[in-house]
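Student: Take a look at this one; I'll ask things after.
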């Protein structure tokens, strides 16, 4: 029996991100999946939106601001923003025997943890929290190294937005074709030397690059119309055997999840109750993962209820003839603030836009 530990999270990250991720100054915690149905000659009609970027000087200036007074710092750091308050804190950073910072994924995850609150807090406030956390763990040279990495990380994320905007301007609707995606990813990888040492680059992005390579190869095989189904299966098997072991394990877990979800759907359609669903999950994932999924189901159900209530109130406002359009917009913003907070506001705004586009 395969055991798969599934952590409870309302927002589940998509691992197979292949397109250039959005800059930190526009979207947080949103992944863009590469469509496995892409072909090199397919023109994809998408609504293209430019990334919002800032001047590199503005980012550097955020590291030269006056420190908070002790009283201000005590108040500011006494609690986390709501979107982070129930999340596990990042792991403590590693220091070697010489007192130097060990550059690994723990450092990157610490940055990403606090930056995920953007939208609820400003970038400047997120940086304050990161610097505070670093200062509680590191001293002297190790702290300087971490701060340099942080600025490089922010500059790099901002630069990704510039690269994406450049590709969108040059290729427009063709920017999401497989060949353009590969070219864009290559530009992103090459740009890292502007912001990171080779060691830091490998520590932060080695696995990401490996997975990008794997997924792009997989898309190329799927979209190759000269291959028969049998030849494609052989190419997939060869790709899996040539890829790092962690990717194969991840793919196996993803396939397991997909199969179990299909079984869950069939079980529900045949009248299976929650006890039957739970037993199915225990059989495939193990006890702990089944419990985590049950909690996740509850969280999703509560989220759906809140969204439904928000939608009902929104429709009542939109249908009313008692308000001007400006007043309606203000009322919609008010009820959005009443029902949601933090990263939820980003999420519901995205859902509102999707819903609006469907209506159009």
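Student: At pLDDT 95 or above and surrounded by fewer than 19 Cβ atoms within 10 Å (Cβ to Cβ): does that describe residue 197?
Tutor: Values: at pLDDT 95 or above: yes; surrounded by fewer than 19 Cβ atoms within 10 Å (Cβ to Cβ): yes.
Spelling it out, residue 197 is indeed at pLDDT 95 or above and surrounded by fewer than 19 Cβ atoms within 10 Å (Cβ to Cβ).
Student: Just one of 50, 134 is closer than 24 Å to residue 194 by Cα and at pLDDT below 90; which is it?
Tutor: On the way: 134 fails: at pLDDT below 90.
So the residue among 50, 134 that is closer than 24 Å to residue 194 by Cα and at pLDDT below 90 is 50.
Student: What about residue 155, is it in a helix (DSSP H, G or I), within 19 Å of residue 65 (Cβ to Cβ) and in contact (Cβ under 8 Å) with a residue 60 or more places away in the chain?
Tutor: Values: in a helix (DSSP H, G or I): yes; within 19 Å of residue 65 (Cβ to Cβ): yes; in contact (Cβ under 8 Å) with a residue 60 or more places away in the chain: yes.
So residue 155 passes the test.
Student: Can you tell me which residues in region 147-176 are farther than 21 Å from residue 58 by Cβ and touching a helix residue (DSSP H, G or I) at 6+ places or on another chain (Cβ under 8 Å)? Please lay out each step first, then the result.
Tutor: Our first condition is that a residue be farther than 21 Å from residue 58 by Cβ; within region 147-176, this holds for 167-176.
Answer for region 147-176, where residues must be farther than 21 Å from residue 58 by Cβ and touching a helix residue (DSSP H, G or I) at 6+ places or on another chain (Cβ under 8 Å): 167, 168, 171, 174, 175.
Student: Looking only at region 322-337, decide whether some residue is in contact with a helix residue (DSSP H, G or I) (Cβ under 8 Å, 6 or more places away or on another chain) and over 30 Å from residue 121 (Cα atoms).
Tutor: Restricting attention to region 322-337, the residues satisfying the condition of being in contact with a helix residue (DSSP H, G or I) (Cβ under 8 Å, 6 or more places away or on another chain) are 323, 328, 331-332, 335-337.
With the extra rule that they be over 30 Å from residue 121 (Cα atoms), the set shrinks to 323.
Yes, that holds for at least one residue.
Student: Follow-up question, since we're still on this one. Considering 280, 296, which residue is under 24 Å from the mean Cα position of the chain (by Cα), surrounded by 16 or more Cβ atoms within 10 Å (Cβ to Cβ) and outside the structural domain of residue 180 (by TED's automatic domain parsing)? Working first, answer last.
Tutor: Numbers: 280 fails: under 24 Å from the mean Cα position of the chain (by Cα).
After ruling out the rest, the residue left standing is 296.
Student: To continue, here is another question. Give the residue, chosen from 60, 66, 79, that is closer than 25 Å to residue 154 by Cβ, assigned by TED's automatic domain parsing to the domain that holds residue 164 and at pLDDT 90 or above.
Tutor: On the way: 66 fails: at pLDDT 90 or above; 79 fails: at pLDDT 90 or above.
Just a single option satisfies the conditions, and that option is 60.
Student: Taking residue 349 as the residue in question, decide whether it is buried (at least 17 other Cβ atoms within 10 Å of the Cβ) and assigned to a helix (DSSP H, G or I). If you could, list the steps in order and put the result at the bottom.
Tutor: On the way: buried (at least 17 other Cβ atoms within 10 Å of the Cβ): no; assigned to a helix (DSSP H, G or I): yes.
So residue 349 fails the test.
The values are calculated or read from the model by the stated rules, or taken from the named source; none is laboratory data. Here the structure is a predicted model, which means the values were calculated and not measured. Neighbour counts are summed over all protein chains in view; Cβ atoms, including those assigned to glycine, are modelled from backbone coordinates with ideal geometry.
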